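The values are calculated or read from the model by the stated rules, or taken from the named source; none is laboratory data. Everything numeric here is computed off the predicted structure, so don't read it as measured data. Heads up, the Cβs are rebuilt from the backbone with ideal geometry, glycines too, and the neighbour counts pull from every protein chain shown. Keep in mind that these areas ignore ligands, DNA and RNA; they rest on the heavy atoms of the full protein, side chains included. Shrake-Rupley method; radii C 1.70, N 1.55, O 1.52, S 1.80 Å.
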Amino acid sequence: MTIAIMQPYFFPYIGYFQLINAVDKFIIYDDVNFIKQGWIARNRIILQGKEHYVILQLNGASSFKKINEIQIGTNAEKLLKTIYQAYNKAPFFSSSFPIIEKIIKINIINLADFLINQLIILSSYFGISTEFLISSSINKDNNLKGLEKVIHICNILGATKYINSIGGQKLYNKEDFQNSGINLYFLKSKPIKYKQFGDIFFSNLSIIDVMMFNDVPTIKNYLNQYELI
């Protein structure tokens, strides 16, 4: 069985969904500390020809709190207005915006629950059949940290293969996993380019941008444009 473990991100880029699609079980790491200036509550879109951050308002966010201990604020309408202004002339706006609106306007105030709901809805929309598990619901030793905790979760679930995003090369090595009977791979996305508004292509933006310029069959094709190394 193949698994991945990742913190939940706010409308993450296409590589995040490639990782979800590549595994049998995707564990959403909701009971680890919140990281400021990361991707948990923000991402990038195109607005008026430039990269622009869309940021989910949070209440009491702190790196001393777990992701599932933080609540979201009340800027849903502002976010939707910004996304509308950015993409209302995009070719797939009419099919994509209702999905985004459904996610953002849902009556959930817990950050982790909000992000989990978002990932489930988007994955279903893209036709991804991977099973989601929530880290906080797994009976595990929460005193473990980092690599030891990841391998611990792999062992609990009976995983023989673990896939991490390419950035994980700085954190993990294959030998540590092999010592526990697990094969470690890193997912490296192949270049994905599509027509945006102008001549300049902005890469690795939020999945919002991908949805606005591509239909679902095309997005499904993008989900397989990677290699495991």
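Computed quantities for the displayed model
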quantity	calculated
Qualifying positions in the range 42-69 - outside any strand (DSSP E or B) and either on the phi < 0 side of the Ramachandran plot or buried (at least 16 other Cβ atoms within 10 Å of the Cβ) (or both)	Leu56, Gln57, Ala61, Ser62, Ser63, Phe64, Lys65, Ile67, Asn68, Glu69
Extreme residue, farthest from Ser129 (Cα to Cα), among residues of the range 12-41 that are hydroxyl-bearing (Ser, Thr, Tyr) and open to solvent by less than 50 Å² (accessible area, probe 1.4 Å)	Tyr29
